[in-house]
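Structure record follows, encoded as structure tokens.
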Amino acid sequence: MHRAAGLVAAMIGLSSAGWEPAAAQTGMMSHVDLTSPKMSEAELSRAQVVAILEAATPDQPADLSDKGLNGLDLSGLDLSGADLSRSRLNRVNLKGALLRGARLDLAWLIEADLEGADLRDASMIQTQLIKARLAGADLSNARIVANFEGANLADAKLTNASMAPDMRNQSMGLMRTVFRSAVLDRADLSGTDLAWADMEFAKLRGSVLVDVDFNLARLGGVDMTGADVRGMNVAGANLASAMLLQLIGEDEIEGLDQAINLKRAFRDR
């Protein structure tokens, strides 16, 4: 199974009570006022963003880092390769936007609309996508350690995305990917590294989980009904109350004998 490398040093801790959502673990959300001007208003207009994009070159990609773009309609724009790190994009409309290779590290996209967006090869380290809409989005080969709690990724493509922490760089605690209560029905996660991920109560009904690495992941209450699980690794994963029903390729799951609380999962056998 694959392992990821190269995370930033802004880490999320592991509490003795268990794994918590990435933002909540550090108290990030409790100290952020999403109604404040910084988190709810835009400092640029769509026209100004378009002008920045048009002035960009391959050698000097568009720099929108640390900008307030909250609530803007940026749907359909080509932001490929743009630097959006630390930007505030809460409730922004990026439907159908091109964000291939874009940098979204430490960005805020609470309740953002990214339906059908192209996020291939993007970097999304410690990005906040709580309740974001990413149905049909393409995140293939992206580097992601983000918070998707309550987000909708139905029919999304995350093939070969790297979403596991770099275990060599954990001096400040463990940063993990969070899909708690997210919807990933029919999503394609083939070859995705989700080691240590928090997937509690996520919906993965009819999804493609071929060769997905869930090593040490928290899968309590996850619903994988009808999923294709051939080559999926669950060694050390917590499966308490997981719905493992009508699975395709159940006999090809790896590490099932090393999973935690397997007897408490719901299975056909």
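The values are calculated or read from the model by the stated rules, or taken from the named source; none is laboratory data. Computed from a predicted structure; not experimentally measured. Heads up, the Cβs are rebuilt from the backbone with ideal geometry, glycines too, and the neighbour counts pull from every protein chain shown.
Annotations
- Checking residue 127 against (1) in a loop (DSSP other than H, G, I, E, B); (2) under 11 Å from the mean Cα position of the chain (by Cα); (3) closer than 18 Å to residue 161 by Cα, the condition it does not meet: (1)
- Meets criteria (surrounded by fewer than 17 Cβ atoms within 10 Å (Cβ to Cβ), out of contact with any helix residue (DSSP H, G or I) (no Cβ under 8 Å at 6 or more places or on another chain) and either part of a loop (DSSP other than H, G, I, E, B) or at pLDDT 95 or above (or both)) for residue 251: yes
- In the stretch 72-94, the residue that is nearest to residue 106 (Cα to Cα) out of those that are under 19 Å from the mean Cα position of the chain (by Cα) and of a type in the set (S, T, N, Q) is 85.
- Evaluation of residue 193 against (1) over 14 Å from the mean Cα position of the chain (by Cα); (2) under 21 Å from residue 126 (Cα atoms) (one fails), failing number: (1)
- Of all residues in the stretch 46-73, exactly one satisfies the criterion of being among the hydrophobic types (A, V, I, L, M, F, W, C), assigned to a loop (DSSP other than H, G, I, E, B) and touching a strand residue (DSSP E or B) at 6+ places or on another chain (Cβ under 6 Å), namely 72.
- Restricting attention to the stretch 177-193 and to residues that are of a type in the set (D, E, K, R) and not in a loop (DSSP other than H, G, I, E, B), the residue that is farthest from residue 225 (Cα to Cα) turns out to be 193.
- Residue satisfying condition, being at pLDDT 95 or above and in contact with a helix residue (DSSP H, G or I) (Cβ under 6 Å, 6 or more places away or on another chain), within set 72, 77, 44: 72
- Filter pass, residue 223 being among the charged types (D, E, K, R) and either under 24 Å from residue 125 (Cα atoms) or touching a helix residue (DSSP H, G or I) at 6+ places or on another chain (Cβ under 8 Å) (or both): no
- Pairs linking a residue in the stretch 218-229 that is more than 13 Å from residue 183 (Cβ to Cβ) to a residue that is among the β-branched types (Val, Ile, Thr), with Cβ atoms under 6 Å and 6 or more positions apart or on different chains, are 228/208; 228/210; 228/248; 229/253.
- Unique residue being charged (D, E, K, R) and at positive phi when the list is 103, 46, 91: 91
- Tallying residues that are in a loop (DSSP other than H, G, I, E, B), surrounded by fewer than 24 Cβ atoms within 10 Å (Cβ to Cβ) and of a type in the set (Asp, Glu) within the stretch 195-240 yields 1.
Each row is one residue, and each column tells you yes or no for (1) part of a strand (DSSP E or B); (2) surrounded by 22 or more Cβ atoms within 10 Å (Cβ to Cβ); (3) without any contact (Cβ under 8 Å) to a residue 60 or more places away in the chain.
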residue	(1), (2), (3)
80	no, no, yes
86	no, no, yes
91	no, no, yes
96	no, no, yes
105	no, yes, no
111	no, no, yes
141	no, no, yes
145	yes, yes, no
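- Failed item in (1) modelled with pLDDT of 95 or more; (2) surrounded by fewer than 20 Cβ atoms within 10 Å (Cβ to Cβ); (3) farther than 23 Å from residue 160 by Cα, with residue 269 passing the rest: (1)
- Matching residues, the stretch 239-254, being under 13 Å from residue 269 (Cα atoms) and among the acidic types (Asp, Glu): 250, 251
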